[in-house]
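Enquirer: Structure incoming, see below.
We did not get these values from a lab; they are worked out from the coordinates using the rules stated. Just so we're clear, the structure is a prediction, and the values are computed from it rather than from any experiment. Neighbour counts are summed over all protein chains in view; Cβ atoms, including those assigned to glycine, are modelled from backbone coordinates with ideal geometry.
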Amino acid sequence: MLAAVISILAAAALELGLRMDPSYDPFGWLVWGRQTLHLALNTVGAPSWKPLPWLLTTPLALAGAAAPALWLIVACAAGLLALWLAYRLGHRLAGRVGGAAAVVGILLCRNWFDSLLPGNVEPATVALALGAVESHVLGRRRLAFVLLGLTALMRPEAGLLLVIYGAWLWRSDREARVFEAAFFAALALLWFLPPYIATGVGFGSRDPVFIAAGATHDPLTVAYRAGVIVIWPVAIAALAGLAFAVRSRTADRRLALAIATGCAGWVGATALMAALGFPGLQRFMLPAGAGACVLAGAGVGWAVAPIRGLFRSRRWPLGGAILLVAAAATVWYAQFRINDAFSSIRGEQARSSLDRSLDAAITAAGGRRRVLACGLPSADLGFQSALGWDLHRAVGQILFRPRRDVHLPDPVVLLATNRLTRLGRGGVLLSHMGPWRVIAIRPPPACAAATLARARAVA
């Protein structure tokens, strides 16, 4: 509980201090939450349906305009709690050194910061998955099953692990069978029923991430991305930790092998889903990468004792050489990930600033009602869900191909940054705020009359 409170406070300081806004998917989930409060859920378009974010953003929507900030704090706090859970598991396997090494490994994972700061679910998924492992180790098997089920409500890749663990629990805990059956039924309903009630088409998505540049449908590419999500020294340490575990005859052996099996199962499920047409983005492998970091922490912790023994003997030069090589390799690869992390932070800050300027541009144009009265809103894909939140519209109702949209026969409102404003030549400039211009193209008479007093033609 203390770790959770500290995580929330640290997340609030981090998100508010860096002035972050949610990224594409979180804004879409926030739209779902607000729509649900108005009994108007519309999941058509993006992002892809995920039940747990919907369950969380619905009560957050009661906070109104503060909902995005609250979501960022909750999601970031879950990611910070994941670091604490990784430390606990690493400590359990190989002491304080193992726990600290596990945390450092996660911080050096690719996509960690650009998933944590804008409120994506992968760090929270890591927390749920590691929490399930921790609960199992403590003998709380039903809680582990529930946490794994919540993980599956975040990312469908966890469904395979949930079925395997559920089958084991079914055999080992007969008294839990009724609970298991009810829980599985609830999971199925949450995945399929809400989108069917909302749209009548059942589970599915037109999420643009399915055709994004980073998407892949090649299982081998998915496996490669899973391998390089950690730096090479961490990967080698994870293999060493697994090797130590195989040779061990203690309970640590079973825990390490279970984590390794879970990582392999996660990657295998992601590769299978990619082959079936789902996008195999690298950030989807963060839970598997976190598990590998725990194994790496164990490898580092277990290797410390033999190296200390070398320093106490006449072979101390050999121990020094081993430490020097390991430290040099780790620092060499870590510097690139640290640079990537700072670049991610700067990039997310720049995107967040654009999001806030977009909201201000809509206000300067007369508010969302006036903008919607002037035509169909269109903006770059990256701002589609943010625009849906600002205009109180489903994400699927926001156009996201401005170069094509401006040629539609219907009235269009172009929300463009400087590089796209040329598409609005001949339209009516509704507002100019920061880098944004709100331009009505072929506006209807009602819009033109309402904005005539403060609008002018775009040169």
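Enquirer: Name the residues of the stretch 17-57 whose amide N is less than 13 Å from a point 7 angstrom out from the Cα of A215 along the C-beta direction?
Expert: Under cut-off, by backbone N: 45-49.
Enquirer: Further, regarding this structure: Placing unit charges on C-beta atoms (Lys and Arg positive, Asp and Glu negative, everything else neutral), compute the dipole magnitude of the chain about its Cα centre in debye, rounded to 20.
Expert: Details: 43 positive and 21 negative charges, 125 e Å.
Dipole about the Cα centre, nearest 20: 600 debye.
Enquirer: Taking the DSSP beta bridges in the chain as the whole, what percent of them are antiparallel, to the nearest 5?
Expert: 75
Enquirer: Then there is this: Ignoring the sites themselves, what is the longest stretch of the chain with no trypsin sites (Lys or Arg not before Pro) in a DSSP loop and at most 12 other beta-carbon atoms within 10 Å? Show your work: numbers first, answer last.
Expert: Working: sites that count: R19, R249, R312, R314, R315, R425, R454.
Longest site-free region, per DSSP loop and neighbour criteria: 20-248.
Enquirer: Would you please put 438-444, 226-232 in order of how densely packed they are, using the mean number of other Cβ atoms within 10 angstrom per residue and starting with the highest? Could you put the intermediate results ahead of the total?
Expert: Details: 438-444: 23.1, 226-232: 19.7.
The most tightly packed comes first, giving 438-444, 226-232.
Enquirer: List the residues whose amide H sits under 5 Å from the amide H of D21, counting only those 5 or more places along or on another chain, with H placed 1.01 Å from N in the peptide plane.
Expert: Under 5 Å from the amide H of D21 lie the amide H atoms of S352, each far enough along the sequence or on another chain.
Enquirer: Could you list, by residue number, the cysteines of the chain that have no other cysteine's beta carbon within less than 4.7 Å of their beta carbon?
Expert: When partners are defined as cysteine Cβ atoms under 4.7 Å apart, the chain leaves C76, C109, C263, C293 without one.
Enquirer: Residue-wise, which Karplus ³J(HN,Hα) couplings in Hz belong to the stretch 347-363, taking 6.51 cos²θ - 1.76 cosθ + 1.60, θ = phi - 60°, and x for glycine or proline?
Expert: Whole-Hz 3J(HN,Hα) from phi for the stretch 347-363: x, 5, 5, 5, 5, 4, 5, 5, 4, 5, 5, 5, 4, 5, 5, 5, 4.
Enquirer: Let me ask another. Which of I439, T417, H407 sits farthest toward the positive end of the charge dipole of the stretch 404-447, with +1 on the Cβ of Lys and Arg and -1 on the Cβ of Asp and Glu?
Expert: So the residue furthest toward the plus end is T417.
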